[in-house]
1. Away from chain B (no Cβ under 14 Å) and at pLDDT 95 or above: which single residue out of A:Tyr8, A:Tyr65 fits that description?
2. Could you tell me whether B:Thr130 is more than 10 Å from chain A (Cβ to nearest Cβ) and either touching a Lys or Arg at 6+ places or on another chain (Cβ under 7 Å) or exposed (fewer than 14 other Cβ atoms within 10 Å of the Cβ) (or both)?
3. Quick check: anything in the stretch A:47-54 surrounded by fewer than 14 Cβ atoms within 10 Å (Cβ to Cβ), within 15 Å of DNA strand C (Cβ to nearest atom) and within 29 Å of A:Arg119 (Cβ to Cβ)?
4. For a quick check of your reading of the model, give me the residue pairs whose first member lies in the stretch A:32-55 and is within 12 Å of DNA strand D (Cβ to nearest atom), whose second is of a type in the set (Lys, Arg) and in a helix (DSSP H, G or I), with beta-carbon atoms closer than 6 Å and at least 6 apart or on different chains.
5. Among the listed residues A:Ile79, A:Ile44, A:Ile30, which satisfies the condition of being under 28 Å from B:Ile116 (Cβ atoms), surrounded by 18 or more Cβ atoms within 10 Å (Cβ to Cβ), within 16 Å of DNA strand C (Cβ to nearest atom) and facing chain B (nearest Cβ under 10 Å)?
6. What's the total number of residues in the stretch A:85-112 that are facing chain B (nearest Cβ under 7 Å) and surrounded by fewer than 20 Cβ atoms within 10 Å (Cβ to Cβ)?
7. Quickly run through the stretch A:57-68 and pick out the residues that are surrounded by 17 or more Cβ atoms within 10 Å (Cβ to Cβ) and more than 14 Å from DNA strand C (Cβ to nearest atom).
8. Criterion first (at positive phi and within 13 Å of DNA strand D (Cβ to nearest atom)) does A:Gly84 satisfy it?
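The values are calculated or read from the model by the stated rules, or taken from the named source; none is laboratory data. Predicted model only: the values in this text are computed from it and were never measured. Here the Cβ positions follow ideal geometry from the backbone for every residue, glycine too, while neighbour counts run over all protein chains shown.
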Number of protein chains: 2
Amino acid sequence: MLSKKTKYGIKALAFIAKQPGKKPVQTSEIARSENISQKFLESILLELRKSGFLGAKKGKGGGYYLIKEPEEIKMTAVIRVLEGPIAMVPCVSLNYYEKCDDCPSEETCSVHSLMIQVRDSTLKVLGENTLADLAVKEQE
Amino acid sequence: MLSKKTKYGIKALAFIAKQPGKKPVQTSEIARSENISQKFLESILLELRKSGFLGAKKGKGGGYYLIKEPEEIKMTAVIRVLEGPIAMVPCVSLNYYEKCDDCPSEETCSVHSLMIQVRDSTLKVLGENTLADLAVKEQE
DNA sequence: TTAATAACCTACTAGCCCGATAGGGTATTA
DNA sequence: TAATACCCTATCGGGCTAGTAGGTTATTAA
């Protein structure tokens with residue numbers, strides 16, 4: 001299950017991406033438009049800034065803005081930062097690998113090979129989609 | 001993330017599937033072989049029986065056995081019973097649909113269309129794999 | 001008939017994480 | 001200099017996961 005944090009984060013990024021021009025967008029505006037708790041959203045945007053997706057400007061007229069072009073932002077990157085591993089099991093995760101304490105061998109594990117297939121198909125979809133694709137969808 | 005319950009359930013089913021003949025397998029034997037807490041496994045197998053995947057026989061020489069052929073058991077069905085929805089968001093779930101309380105419209109939601117793609121690719125993989133595929137993997 | 005076996009059932013719990021909320025501090029701008 | 005908006009820390013209720021505990025019921029072999 002996708003956490004609300006990730007869901008809100010993606011929505012916020014898409015909202016910022018579809019803004020005309022590059023002027024900063026305030027947290028309050030995003031929160032209002034997307035029906036998100038403002039305080040919760042603040043912490044999410046902060047994290048996205050620290051991860052290098054967003055830039056911030058303080059004071060009046062401040063807000064958050066995209067650092068890279070929407071076309072350059074793959075959804076795999078966004079989800080890995082907000083949600084963590086994309087794989088359904090740590091033992092098949094590329095970026096958050098962890099050995100199972102039960103299985104003696106990964107080669108003979110029935111779950112392992114299945115989850116690798118799931119991971120790869122998911123990675124393909126999320127790797128093909130960029131923020132630009134989402135922002136366009138939202139405008140139609 | 002896949003819960004341990006689902007993981008254990010799949011492993012147990014695969015273990016039963018690869019047994020020679022059709023004689024019942026005891027919970028204790030599966031628990032020992034797969035390093036699973038026996039009591040926890042009991043509750044999982046019970047659920048799999050109630051869902052129609054397994055049959056049970058009480059008393060000495062009893063245990064659990066598959067009701068259908070491994071080739072007929074799709075992994076989508078197993079995971080839906082043990083884990084619940086396959087979709088990452090309730091609003092794109094086929095079997096456990098639930099409307100988001102935030103989004104005003106699903107058509108314009110940026111997350112929605114992305115998650116439909118993820119769901120479909122995952123469904124494809126899990127629909128193509130049956131218990132027979134997993135049991136074979138485990139024997140190699 | 002009895003004892004052993006193994007499924008079945010109910011109840012409880014420690015620990016973790018999610019989704020916030022609260023209350024400020026700090027930098028920038030008009 | 002006052003307003004604005006980002007930044008930071010701390011806290012917390014509720015729900016879920018992954019068990020544990022303790023017993024009941026049905027079946028089989030001796």
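1. Answer to the check: A:Tyr65.
2. Here the answer is yes, as B:Thr130 does meet what is asked.
3. Yes, that holds for at least one residue.
4. Final answer for the pair search is A:Ile44/A:Lys5.
5. A:Ile79
6. Residues flagged as facing chain B (nearest Cβ under 7 Å) and surrounded by fewer than 20 Cβ atoms within 10 Å (Cβ to Cβ) within the stretch A:85-112 amount to 2.
7. A:Leu66
8. no
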